[in-house]
Structures are given as C-alpha cells and as structure tokens.
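Worksheet for the structure shown next.
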Amino acid sequence: MKGRPPSKGGARSSGNDARGAGPRGGKPAGGRSSDRKSADRKMGGAPGRGKPTGPRKGDGDKPAFRPKAPAAAKSAAAKPAPVKTASAKPNPAKGVSLDVRQFRVKADDDGIRLDRWFQRHLPDVGFNLVSRWSRTGQLRVDGARAAPGDRIVEGQMIRVPPAEQKPEAAEKPKRVRVIDLTPDEIAYAQEMVIHRDEQAIVINKPPGLATQGGTKTDEHVDKLLDGLLFDLESRPKLVHRLDKDTSGALLLARTSRSAAHFAKAFSSRTARKVYWALVMGVPSINDGMIELPLAKQPGTGGEKMHVDEAEGLPARTRYRVIERAGNRAAWVELQPYTGRTHQLRVHMAAIGHPIVGDGKYGGKEAFLSGTISRKMHLHARRIRIDHPDGGRVDVMADLPPHFASSLHDLGFDLSLGDLLLDDEIDRTPTREDEKKFARQHAKQVRKDRKGERRSRGSR
C-alpha cells in the first residue's frame with residue numbers, strides 16, 4: 001500500500017496533520033501511519049520501516065501473527081525496536097515508597113496527636129523521621145496527607161512508610177588526645193600524686209599553684225590534668241578546689257561515674273576534710289565551733305568574703321588546738337562543715353586569730369617575725385571520702401617545706417598533729433567508765449531516797 005488518494009476537495013492529507021479526516025475517507029488522516037505500521041508488521045519489519053527483514057521460518061500462510069523466534073536465532077539486526085508503553089504503576093514522587101504499612105486507629109488512641117501515636121506504637125520512629133515523612137507526603141491518614149500534630153480518630157487508617165534500615169555505623173577512629181604539655185610539666189604533675197586507683201587520684205598541691213585558671217593565671221592544676229591520664233584515655237576531673245596559696249590533698253575523679261559520686265559526697269557533707277593551720281595567738285577554747293554566716297564583701301568584685309549576719313550563707317567550722325607556742329602562736333586543726341569560699345580564713349580572722357601569712361584577711365597582724373615564712377600556713381592535711389567501688393579513700397598529704405620549717409622553729413612536735421575524728425574515737429565504755437557510772441547512779445539513788453524521807457516527815 002503506497003497511500004491514499006487525495007480527498008475530493010483537492011487538498012492532500014498529510015500523515016502529520018492532526019486536524020481530522022477528509023470528507024469521504026471515514027478515517028482520520030493519521031490512519032495512514034497506522035496502516036503502514038500494520039503492513040510493516042505483516043512484512044516482518046520493525047514498525048515504521050518500509051523494508052522487511054526477510055521471510056520468517058515456520059510462518060506458513062498465516063500472516064496474522066508472528067510467533068516468537070528462538071533466542072539463538074535473534075540478532076541485533078532482526079530484533080524489533082522496543083515499544084514504550086505506559087507503566088502499570090504510578091511513578092511515585094522522589095523519596096516516597098510504595099511498600100507501606102497500614103494501621104487502624106483503635107479506641108484507646110482516639111483523639112491523640114499523630115506523633116503521640118508513633119510514641120506509643122512505633123517508638124523506634126523518632127519525631128524527626130515522622131516530620132520528614134509528613135513533608136514528603138509519605139505519611140497519610142485515610143489517604144490524606146497528615147502532619148505530626150494532627151489529631152486522629154478511632155477507625156482511621158494510618159499509612160506509614162516502611163521502616164528505614166539504618167546503615168551500619170562505621171567504626172569511628174579512636175580519638176587521639178593531644179597532650180600539650182612538656183615532659184617537665186608531665187613529670188611535675190605526676191610527682192604531685194600521692195594516691196591513685198581506678199576511680200580516684202589524690203595530689204598534694206603545692207602552695208602558689210591555682211586549682212583552675214583565670215585572669216592572669218596561666219599555671220594551674222586543671223592545665224596539668226592531661227599529664228595524669230596514666231592507663232586511661234580520659235583526663236581526670238576536678239571535684240573540689242583549694243585556694244591558690246593553700247597546699248595539700250586535692251581529690252580528682254578519673255571517670256564520669258566517680259565524679260558524680262564524689263560530687264554527691266561533698267554536697268551531702270559525708271566527705272571529711274582536715275586542715276592544719278598556724279594561727280596568730282592562742283584561742284581561749286581548745287575545742288570550739290565557729291558558726292558565722294559569710295557573704296561576698298561589696299566593692300571587692302567577689303574576691304573577698306566577710307561575715308554578714310543579715311544576708312550571709314550559713315558557715316560552720318570546727319577547730320581544735322593541737323599545740324601552742326606560749327601566747328605567740330598556735331597550731332590548730334580545722335574541719336569545715338560547710339564549703340564557703342575562704343571559709344577557714346575568714347572564720348579564724350573573725351575570732352581574732354588569723355592564719356599566719358594571710359594578709360588578705362589578717363592584715364599586718366598576720367605575720368610572725370624571725371625565721372617564720374611569710375607564706376600562707378594553711379594545709380589540707382587529710383581527705384576521707386567514700387569510694388565508688390566500696391571502702392574509702394583516706395589520704396594524708398605531707399606539709400610543704402615552709403610550713404614544716406615554721407613548726408620546727410616554733411618547737412612543735414609533728415607526731416601530735418593527727419587527731420582522731422569523732423567517728424574514729426572508740427566509744428566503748430572502759431572498766432573505769434563503768435565504775436564511774438555506778439558511783440554516779442548510787443549517788444542519785446541515795447539522793448532520791450533522802451528526798452522521799454523528807455516528804456514523809458512533812459505529812
């Protein structure tokens with residue numbers, strides 16, 4: 001078939017004319033193309049091609065269909081071009097999965113928010129993922145797009161995309177801590193250690209070294225903590241502090257668990273700290289309790305504290321005189337029952353016995369003449385605290401050279417310094433205590449009887 005004759009009107013219909021058929025043809029002009037395709041298929045050629053590819057084996061006289069040729073007989077030249085057909089499934093938007101899950105809203109969930117429904121029934125699906133499903137149209141309720149804050153009703157159908165498979169987390173490279181300390185600084189930090197276990201480190205801080213950095217303070221314990229890693233990867237943590245000019249035992253936590261444990265012990269007052277101090281003069285009471293509230297002194301920028309009965313915070317300090325050097329000075333033990341800033345220094349100055357070398361709170365009267373050092377004479381001698389793994393950390397720190405020299409020059413006996421804490425004193429009654437109690441009891445009985453006889457005679 002070579003084509004159709006022109007229509008009666010004389011105008012030739014083109015195969016590319018899409019406006020309709022001629023007056024007598026009864027077929028649209030585009031039918032020419034389909035006739036040609038039909039003829040081409042009968043001739044064994046590709047659609048739209050005028051030349052056949054040759055006779056087909058096994059066709060016989062039946063041109064109506066063409067059986068599939070064996071796979072081995074196919075060739076690139078004989079293979080017909082694929083005909084594109086519309087897909088049976090709609091093309092989903094980018095990021096939308098067709099493999100979804102359906103959930104029916106039950107009576108117990110009637111009226112709750114959609115994100116709350118996910119918390120109840122699909123707790124592994126986080127809010128961020130629900131929000132993303134909502135934005136991309138994958139989350140639907142009864143076929144309509146839904147937002148995490150929408151309220152759902154019993155009987156509604158919730159369309160949920162399939163759970164996303166989380167990619168396997170790649171092994172994170174181990175973080176290598178860079179220690180920005182010189183070998184001398186590391187050696188200096190490790191020389192201060194007087195106790196170390198899996199959970200705690202105790203160092204003997206020298207006077208003049210701050211616990212933490214600040215304005216014009218570049219050298220401090222916190223900077224040196226990287227030198228105390230030892231066999232762990234994490235640096236120790238500060239759980240309390242000492243003043244810059246105060247020496248002695250400073251506790252460090254080696255793990256987060258022990259840091260929380262020690263912090264709780266300090267806040268609950270179960271940790272015990274014992275200080276030694278050299279004070280001016282001699283207190284009139286050998287064993288006393290100082291209870292004076294403390295507050296920041298106005299005009300000092302918080303750098304100085306003072307006793308403030310009206311607005312101060314409660315502060316309690318116990319002191320015990322260990323030994324005295326005439327009326328010139330006394331060696332005392334101090335136990336803070338609260339942890340206010342500069343508490344021991346302010347309390348001793350407030351009762352008229354400032355710590356030797358403490359010009360900040362004692363002024364010019366806080367210094368002894370002769371060979372006694374002008375440095376602060378306050379030392380954290382002992383710390384006792386419950387250990388996270390059971391038992392206790394109980395450590396004593398040796399005196400710094402200037403303090404030990406001052407005690408020696410004043411003639412004090414160092415063996416007298418370590419007094420027992422109250423809970424360490426054996427309260428078991430001795431034989432002498434029992435005899436004393438019996439005498440007191442017998443005396444009280446005689447007194448009561450004497451009173452009874454007097455009351456009878458008066459009747």
- request: Normalising by the residue count of the range 320-459, find the relative contact order in percent from Cα pairs under 8 Å and 6+ residues apart.
  value: 14 percent
message: If you consider only alpha-carbon coordinates, what radius of gyration and Dmax does the range 191-266 have, in Å?
response: 11.9, 34
task: For residue 447, go through the aspartates and glutamates and keep the ones whose alpha-carbon is under 17 Å away, minus same-chain ones fewer than eight residues off.
output: none
task: Kindly state, to the nearest 0.05, the FRET efficiency for residue 420 paired with residue 180, given R0 = 60 Å and r defined as their beta-carbon distance.
output: 0.85
message: Normalised radius of gyration for the range 245-293, please: alpha carbon Rg relative to 2.2 N^0.38 Å, two decimal places.
response: 1.61
message: Between residue 369 and residue 151, what is 0.36 nm times their sequence separation minus the Cα-Cα distance? Round to one decimal in nm.
response: 70.2 nm
query: Separation between the residue 266 and residue 450 pseudo-spin-labels, each 7 Å from Cα along Cα→Cβ, expressed in nm?
result: 5.8 nm
task: Express the accessible area of the range 393-452 per residue in Å², computed with a 1.4 Å probe while the remaining protein chains stay in the model.
output: 75 Å²
field: Carbon/sulfur fraction of accessible area - the range 249-355, other protein chains in place, 1.4 Å, %
entry: 50 percent
- request: Would you mind checking 273/435; 205/237; 216/237; 244/364; 216/264 for any pair whose Cα atoms are more than 25 angstrom apart?
  value: 273/435; 216/264
field: Under 13 Å from the Cα of residue 106 - aspartates and glutamates, other chains or at least 8 residues apart
entry: 154
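The values are calculated or read from the model by the stated rules, or taken from the named source; none is laboratory data. Because the structure is predicted, anything quoted here is derived from the model rather than measured. Here Cβ is always computed from backbone atoms with ideal geometry, including for glycine, and neighbour counts include all displayed protein chains. Areas reflect the complete protein model, heavy atoms only, side chains present, ligands, DNA and RNA absent. Shrake-Rupley method; radii C 1.70, N 1.55, O 1.52, S 1.80 Å.
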